[in-house]
Amino acid sequence: MTTLPIPLSNPKASYLEHQEAFDQAIKKFLDSGYYILGPEVQGFETAFAGFVGLKHCVTVNNGTDAIVLALRALGIGADDEVITVSHTAVATVAAIEEAGAIPVLVDVDTQSYCMDPNLIEAMISEKTKAILPVHLYGNPANMPEIMKIARKHGLLVVEDCAQAHGARINGQMAGTFGDAACFSFYPTKNLGAFGDGGAVLTNDPDTAGRLRLLRQYGWKDRYVSNIVGVNTRMDELQAAILNIKLPFLEADNQRRAQIAMRFCQALQNLPFQLPNMAENTEHVWHLYVIQSEDRDNLQRFLQENQIGFGIHYPQAVHQQPAYLGRLRGSDNLPVTEALIPRILSLPMYPQLAMEDVDRVIEALKAWAKQR
Ligand SMILES: Cc1ncc(COP(=O)(O)O)c(C=O)c1O
């Protein structure tokens, strides 16, 4: 009997799961004659704002633009410093620079892999305007502590929620702590479109109003720019897909959690460091990331056994050629730098069958034994 490869993630499985609904929605979209920023977008903005628990949701074309526009809408730009992490998707740091601001890096903590609140104050300067924590892998950053520091120093907070749709701390949704929350709907995300998508959420009507202008050339009235904006609109097709998927998000996150618990139980006595879950936080398992001191060897073994994996990320942002040696804070990121050569993401998506989870577990056990 031949066994099929197990992918790291599988957005097509989410299409097949609700295929009829998607096919109908695509036909309806084509028939509607309304293709960009129409009723599907409006419907999704209302529904997603309700899901997160914030008053305003402004959709954009992708999660990177969501961060750029959130910063610009909050008045952050040239010469302003934004404190963030290097252990993240490059998009976080790229977006800060695209907004014209200056990224300043702090290290992550060894347990959550998210921004270490204890290190923020040392990096605050006269230029600091905002803190931009990332809820990495689906695990929320320590927002209560980060908010205390932000309030003390009068700083704005923009949350990068691209990997954390539905994550909670003490029952409070990630994205509702700061001044703006930025989401990505890239196909593999916990809530993913079948193309690019993003959104900024906020409780502040003025910020929301500026976001609506910024995402479409600064137009208040059509063809007349009140401020300098860009084109980063969500199209109706992606909004229609997201409207179908949103009601399943919580259940999908629970399926991810079941898979994660199976991994946690089965792998605990093997030579891996497993993810930690802080008390009172709800991790939504965008990725299940283990650490191994023998990662190269493990990668080869998984490849031979047709088990998909990922490295998120192979280089921290400050180590990448485009950023090397030029970001403040780069010289003091020991936890980030120790994580990079050890991390490995195991297959994780809601439709992943438990038999396949067990195949991954058996392969890891076999690797540990023959090592
Ligand atoms: C942490 C983080 N921030 C921002 C982004 C940017 O999102 P997008 O790819 O939709 O631009 C991503 C996704 O790649 C991400 O993982």
Some residue of segment 135-148 being under 16 Å from Ala66 (Cβ atoms), surrounded by 20 or more Cβ atoms within 10 Å (Cβ to Cβ) and assigned by TED's automatic domain parsing to the domain that holds Ala240: yes
Yes/no for Asp221 being closer than 22 Å to Tyr35 by Cβ and surrounded by fewer than 19 Cβ atoms within 10 Å (Cβ to Cβ): yes
Residue selected from segment 143-194 under the condition out of contact with any helix residue (DSSP H, G or I) (no Cβ under 6 Å at 6 or more places or on another chain) and hydroxyl-bearing (Ser, Thr, Tyr), by the criterion nearest to Asn61 (Cα to Cα): Tyr186
Failed condition for Phe248, given (1) buried (at least 19 other Cβ atoms within 10 Å of the Cβ); (2) more than 22 Å from Gly100 (Cβ to Cβ); (3) within 21 Å of the chain's Cα centre (by Cα); (4) hydrophobic (A, V, I, L, M, F, W, C): (1)
Matching residues, segment 31-63, being out of contact with any strand residue (DSSP E or B) (no Cβ under 7 Å at 6 or more places or on another chain) and crowded, with 24+ Cβ neighbours inside 10 Å: Glu40
Condition check for Met234: touching a residue at least 12 places away in the same chain (Cβ under 8 Å), touching a strand residue (DSSP E or B) at 6+ places or on another chain (Cβ under 9 Å) and closer than 14 Å to Gly138 by Cα: no
Residue within segment 235-249 that is at pLDDT 95 or above, outside any helix (DSSP H, G or I) and more than 21 Å from Gln163 (Cβ to Cβ) present: yes
Residue within segment 301-315 that is among the β-branched types (Val, Ile, Thr), closer than 24 Å to Ala141 by Cα and in contact with a Pro (Cβ under 9 Å, 6 or more places away or on another chain) present: no
Residues of segment 301-350 classified as under 23 Å from the mean Cα position of the chain (by Cα) and among the polar types (S, T, N, Q), total: 6
Among the residues listed as Pro144, Pro205, Pro140, the single one being within 16 Å of the ligand (Cβ to nearest atom) and touching a strand residue (DSSP E or B) at 6+ places or on another chain (Cβ under 9 Å): Pro140
Segment 116-131 residues that are in contact (Cβ under 8 Å) with a residue 24 or more places away in the chain, paired with ones that are in a strand (DSSP E or B) and charged (D, E, K, R) (beta carbon under 8 Å, 6 or more apart): Met123/Arg328; Ser125/Glu81; Lys127/Glu81; Thr128/Glu81; Lys129/Glu81
Those residues of segment 264-281 which are without any contact (Cβ under 8 Å) to a residue 24 or more places away in the chain and more than 14 Å from Glu362 (Cα to Cα), in sequence order: Leu274, Glu279
Among residues of segment 224-257, those that are charged (D, E, K, R) and under 20 Å from Ile67 (Cα atoms), counted: 2
Count of segment 224-242 residues which are crowded, with 18+ Cβ neighbours inside 10 Å and touching a helix residue (DSSP H, G or I) at 6+ places or on another chain (Cβ under 6 Å): 8
Qualifying residue in segment 151-167 (condition: more than 16 Å from the ligand (Cβ to nearest atom), within 19 Å of Ile96 (Cα to Cα), modelled with pLDDT of 95 or more and among the hydrophobic types (A, V, I, L, M, F, W, C)): yes
Near pairs, Cβ below 6 angstrom, 6+ apart or cross-chain, from segment 63-81 (within 14 Å of Val157 (Cβ to Cβ)) to any residue that is in a helix (DSSP H, G or I) and near the ligand (Cβ under 10 Å from one of its atoms): Ile67/Ala95
Selected residue (only one of Leu270, Leu298 is modelled with pLDDT of 95 or more, outside any helix (DSSP H, G or I) and either touching a strand residue (DSSP E or B) at 6+ places or on another chain (Cβ under 6 Å) or not assigned by TED's automatic domain parsing to the domain that holds Leu74 (or both)): Leu270
Every residue from segment 179-194 that is more than 10 Å from the ligand (Cβ to nearest atom) and under 16 Å from Ser9 (Cα atoms): Asn190, Leu191, Phe194
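The values are calculated or read from the model by the stated rules, or taken from the named source; none is laboratory data. Every value quoted in this text rests on a predicted model; they were computed, and no experiment measured them. For neighbour counting, all protein chains shown are included, and Cβ atoms are generated from backbone atoms with ideal geometry for every residue, glycine included.
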